[in-house]
Amino acid sequence: MAQMTMIQAITDAMRNELKNNEDVLVFGEDVGQNGGVFRATEGLQKEFGEERVFDTPLAESGIGGLAIGLGLTGFRPVMEIQFFGFLFEVFDSVAGQMNRMRYRTGGKLTSPITVRSPFGGGVKTPEMHADSLEGLVAQTPGLKVVIPSTPYDAKGLLISAIRDNDPVVFLEHMKLYRSFRAEVPEEEYTIPLGKADIKREGKDLTIVTYGAMVHSSLKAAEELEKEGIDVEVIDLMTISPLDIDTIIASVEKTNRAIVVQEAQKQAGIAANVVAEITERSILSLEAPVLRVAAPDTIYPFAAAEDAWLPDYKGIIETAKKVINF
Amino acid sequence: MSTKTLAQVEEQFETFQILNEEGEVVNEAAMPELSDENLQEIMRRMVYTRIWDQRAISLNRQGRLGFYAPVAGQEASMLGSQFALDKDDWILPGYRDIPQIVFHGLPLHQAFLWSRGHFAGSQFPDGLNILFPQIIIGAQIIQTAGVALGLKRKGKNNIAITYTGDGGASQGDFYEGMNFAGAYNAPAVFIVQNNRFAISVPVEKQSAAKTIAQKAVAAGIEGIQVDGMDVLAVYSATKQARERALAGEGPTLIETMTYRYGPHTMAGDDPTRYRSSDLDDEWTKKDPLVRFRKFLEKKGLWTEEKENEVVEKAKEDIKEAMKQADSAPKQKVTDLIGFMFEDLPHNLREQMEEYTAKESK
Ligand SMILES: Cc1ncc(C[n+]2csc(CCOP(=O)(O)OP(=O)(O)O)c2C)c(N)n1
């Protein structure tokens, strides 16, 4: 097996699908010769040609519309939004158009599109690059929203996303792109969309989380273990639709839960997870389900990022509140 | 028939130039009325900006500055247009257009704080009619139509000017901005700095249009392509556009043909992946500073000594501004929470308490 960073695993998934199906097209700003501003599409244009992997003019709305049109004519577009903060420029295509194609045509037409985009804090980008806007798309019916936390998951989930016949928003946390390597099989494999992964088993408390916060949660769990608290960490991987079964089974085992997200408290999807848990398992709860999230401000200026982003210490604090309730 | 019409339209968009690469006046009739002091001041600003750009790049490499988008090569385009403005005109810049707002009145240390992502960089002095560098490409262009209409309705004798790049001219907002300003006959000037690349994508791949200036035609506004390495041509085109706007003759789109010598930004862009050294060399020959220096030297208005004075002054100012930026108080989360609304709602009141406690530890 190869050791890969998350970004290499993502490139590998696209390469696999470009090879596998000639209707797969990869396009966006700077994805061609430049190989993407993060090098996620590195080498793909050289390997598959300009017809398959190409630069677009600088217009996100145009990119979204192009994807819809290509999808209608038999292609499988993998479009890149260079940074997810630019989602607003293409929001109509993503959240107003591609998500309803199947619905409004009674299943006659679909949008087999993958929308790839980097997001996430801690890398000190300028405004509108890092914002956690996943809640906006996760609240939109007709979209699947995937956020991997490891190289292995990224490859398997991205292949599934590209093969999915419905639109999938695939969000890549910038801080995870190159922060570590892990074993990733060179051959193809898929990980089903809509399924969560238990990244750590435990019996005292469930942490439900996704993206970069999976790693902060695992770190918090290690620390809590030293104090005799046995934490289960669920990585949602797909934040819409939620894998309710995995969440509920875990909460019914541990009787306590917290939800951790990097997004502001009023954004992200923690509120939805809390609602699902209370609706389905209130009687198994020994304490309220608490949230760890960023404060409800606009995403902060770079100089305040470190203080603003949730971290493992905040997770430990909240976990203890729930344990000692 | 339609191909013919297109060709006829495109033919009208020749590049307007006053100074050639040798610093010779090739268009005497178009020479703007500028005093010797004005001419020297324009040179001073260009030299100052070149030094600042070099320093900013090295400060960025040392990790002492944050986000930075190099400007060398674009001095004539940036500063020639800014010099044509009245101090009460509004500037709505893109992320690269920091020199224009600094020469409009933004203290240098605030530009550095903005670069570092410190919000004190955005608390600019009262009465300074600028917006902060826009990150969303195109957003500033539609806002410019709004500011321009506002200025007109309030009876002000001022214009709004905005900047984007060749890539920015592909955004829907670009067309909407021009169209709105045209429809309301608002005093707006739209500058597209065509530095040939949008990060890595060459302008030939942005659009099938031969010029960006011709895009004004569809909006029914004036459009002109200018040699963006010729500061007098840029100044003169902007000055005229401003006067036309104030005379109620509508907005203008100005395309300045220019080049950025550096990478797109300092955040890991490698221009050798998409730009040939031949192209770099070709554009180095057109350098706006060299050209204008030759012009001024011939008139006896510029010397090596003068140039050195400017270089020293720039270095001094930058050092001072960095010191000032370094002494800004550490950015706190409570500051940010405090600026969310006039009155804090319940959620933010709670979070304010929480972070006040954390920050006092
Ligand atoms: C809406 C939006 N899309 C994409 C980007 C990312 N981006 C930043 S600069 C840039 C290229 C801009 O090129 P151009 O408009 O020609 O201006 P230049 O940087 O060359 O001055 C891109 C794609 C952005 N900031 N905003």
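Taken together, the values in this text are just the output of simple stated rules run on the coordinates, not laboratory data. Remember, it's a predicted structure, so these values are computed and weren't measured experimentally. With ideal geometry, Cβ positions are generated from the backbone for all residues, glycine too; neighbour counts draw on all protein chains shown.
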Over the whole of A:298-310, what's the average partner chain Cβ count within 10 Å per residue? Rounded to a whole number, please.
-> 6
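In peptide A:57-67, what is the residue-averaged number of other protein chain Cβ atoms found within 10 Å of each Cβ? Walk me through the numbers before you get to the answer.
Numbers: counts 11, 17, 12, 5, 4, 3, 0, 0, 0, 0, 0.
Rounded to a whole number, the mean comes out at 5.
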Mind ordering B:312-319, B:250-257 by average Cβ neighbours within 10 Å, highest first?
-> B:250-257, B:312-319
Simple spin-label estimate for B:Asp270 and A:Thr105 in nanometres, 7 Å along Cα-Cβ = 4.2 nm
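What does the charge count around B:Val192 come to, taking other residues whose C-beta lies under 10 Å from its C-beta (Lys +1, Arg +1, Asp -1, Glu -1)? Mind showing how you got there, number by number?
Details: positive: B:Lys215; negative: B:Asp166, B:Glu255.
Every neighbour counted, the sum reads -1.
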Karplus couplings for the stretch A:95-106 from phi (6.51 cos²θ - 1.76 cosθ + 1.60, θ = phi - 60°), rounded to Hz, Gly and Pro as x?
-> 9, x, 10, 5, 5, 10, 4, 5, 4, 7, 9, x
Expressed in angstrom and rounded, the centroid-to-centroid distance over alpha carbons for the stretch A:145-220 and the stretch B:164-201 is 39 Å
Under the Karplus relation with 6.51, -1.76 and 1.60 and θ = phi - 60°, whole-Hz ³J(HN,Hα) for the stretch B:72-89, x at Gly and Pro, equal 3, x, 9, 4, 5, 5, 6, 8, x, 6, 5, 5, 7, 8, 8, 5, 8, 5
Taking one equal scatterer on every alpha-carbon of the protein assembly as shown, how large is log10 of I(q)/I(0) by Debye at q = 0.05, 0.10, 0.12 1/Å?
-> -0.27, -1.01, -1.33
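Please compute the net charge surrounding B:His264, taking Lys and Arg as +1 and Asp and Glu as -1 over other residues with Cβ under 11 Å from its Cβ. Numbers along the way, then the final one.
On the way: positive: B:Arg96, B:Arg260, B:Arg273, B:Arg275; negative: A:Asp30, B:Asp269, B:Asp270.
It works out to a net charge of +1.
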Phi angles of the stretch A:135-147, converted by Karplus (6.51 cos²θ - 1.76 cosθ + 1.60, θ = phi - 60°) into ³J(HN,Hα) in whole Hz with x for Gly and Pro, give x, 4, 7, 5, 8, 9, x, x, 10, 9, 10, 10, 9
What does the average come to when, for each residue of peptide B:349-359, you count the partner chain Cβ atoms lying within 10 Å of its Cβ?
-> 2
Measure of size requested: the Rg and Dmax of the stretch A:2-184, with Cα atoms as the atom set and Å as the unit; please supply both.
-> 15.0, 45
Virtual spin-label span in nm between A:Ala249 and B:Glu312, 7 Å along Cα→Cβ | 7.7 nm
Lysines with Cα under 18 Å of B:Lys154, excluding same-chain neighbours fewer than 8 positions away = B:Lys87
Which percent, nearest 5, of DSSP beta bridges in chain B are antiparallel?
-> 10 percent
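Arranged from highest to lowest average of other beta-carbon atoms within 10 Å per residue, in what order do the peptides B:22-30, A:39-47, A:315-323, B:219-227 appear?
Details: B:22-30: 12.4, A:39-47: 17.8, A:315-323: 19.4, B:219-227: 22.6.
Packing order, densest peptide first, comes out as B:219-227, A:315-323, A:39-47, B:22-30.
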Out of the DSSP beta bridges found with both residues in the stretch A:197-324, what percent are antiparallel (nearest 5)?
-> 20 percent
Given a cut-off of 23 Å, name the pairs among A:Lys19/A:Lys199; B:Lys4/B:Lys286; A:Lys313/B:Lys358; A:Lys199/A:Lys320; A:Lys320/B:Lys361 whose C-alpha atoms lie farther apart than that in the structure shown.
-> A:Lys19/A:Lys199; B:Lys4/B:Lys286
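For every helix of n ≥ 4 consecutive DSSP H residues, a contribution of -39,500 (n - 2.57) applies; sum these over chain B, divide by its total residues, and give [θ] at 222 nm rounded to the nearest 500 deg cm²/dmol.
Working: 14 runs with 170 residues, N = 361.
That calculation yields -14500 deg cm²/dmol at 222 nm.
Please grab the % of Cα pairs in the stretch A:197-324 that end up more than 23 Å from each other. Please report the intermediate quantities before stating the final value.
Details: 1946 of 8128 pairs.
Here the tail beyond 23 Å accounts for 24 percent of pairs.
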Angle in degrees between helix A:213-226 and the longest Cα principal axis of chain A, rounded to the nearest 10 = 30 degrees
Near A:Pro185, within a Cβ-to-Cβ distance under 10 Å, what is the net charge of the other residues, with Lys and Arg +1 and Asp and Glu -1?
-> -4
Relative contact order in percent for the stretch A:197-324 (Cα pairs under 8 Å, 6+ apart) equals 28 percent
So who's got an amide H within less than 5 Å of the one on B:Ile161, skipping anything under 5 residues away but keeping other chains? H placed 1.01 Å off N, in plane.
-> B:Trp90, B:Ile91, B:Leu92, B:Val189
Take chain B, connect every pair of alpha-carbon atoms lying under 10 Å apart with a spring to form a Gaussian network, then pick out the residue of B:Arg260, B:Arg50, B:Arg153 with the largest mean-square fluctuation.
-> B:Arg153
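How far, in nm, would the chain grow between A:Leu72 and A:Asp311 when pulled straight, counting 0.36 nm per residue and subtracting the alpha carbon separation? Mind showing how you got there, number by number?
Working: separation 239, 0.36 × 239 = 86.04 nm, distance 4.32 nm.
Stretched fully, the A:Leu72-A:Asp311 segment lengthens by 81.7 nm.
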Could you work out how far helix A:312-323 tilts from the main Cα principal axis of chain A, as a 0 to 90 degree angle to the nearest 10?
-> 50 degrees
Would you mind checking which residues have amide H under 5 Å from A:Val145's amide H? H placed 1.01 Å from N; only 5 or more apart, or other chain.
-> A:Val169, A:Ile239, A:Ser240
Nearest 10 degrees, 0 to 90: what angle lies between the long axis of helix B:231-246 and the longest principal axis of chain B (Cα atoms)?
-> 80 degrees
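When the helices in chain A are scored as -39500 (n - 2.57) per DSSP H run of 4 or longer and the sum is shared across all residues, what 222 nm value do you end up with, to the nearest 500 deg cm²/dmol? All intermediate terms of the calculation are to be shown ahead of the outcome.
Details: 11 runs with 108 residues, N = 325.
That comes out to -9500 deg cm²/dmol.
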Determine the principal axes of the Cα atoms in the stretch B:208-361, then give the extent along each, sorted from largest to smallest and rounded to whole angstroms.
-> 64, 47, 40
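Taking the convex hull of the alpha carbon atoms in the stretch B:193-295, what volume per residue do you get, in Å³? Spell out each step's value before the answer.
Working: hull volume 12.2 nm³, N = 103.
Cα-based convex hull of the stretch B:193-295, divided per residue, equals 119 Å³.
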Report, to two decimal places, the Cα Rg of the stretch B:3-328 normalised by 2.2 N^0.38 Å (N = number of residues).
-> 0.95
Counting sequence-distant residues (5 or more places) and residues on other chains, those with an amide H built under 5 Å from that of B:Gln193 are B:Thr164, B:Gly165, B:Asp166, B:Thr256
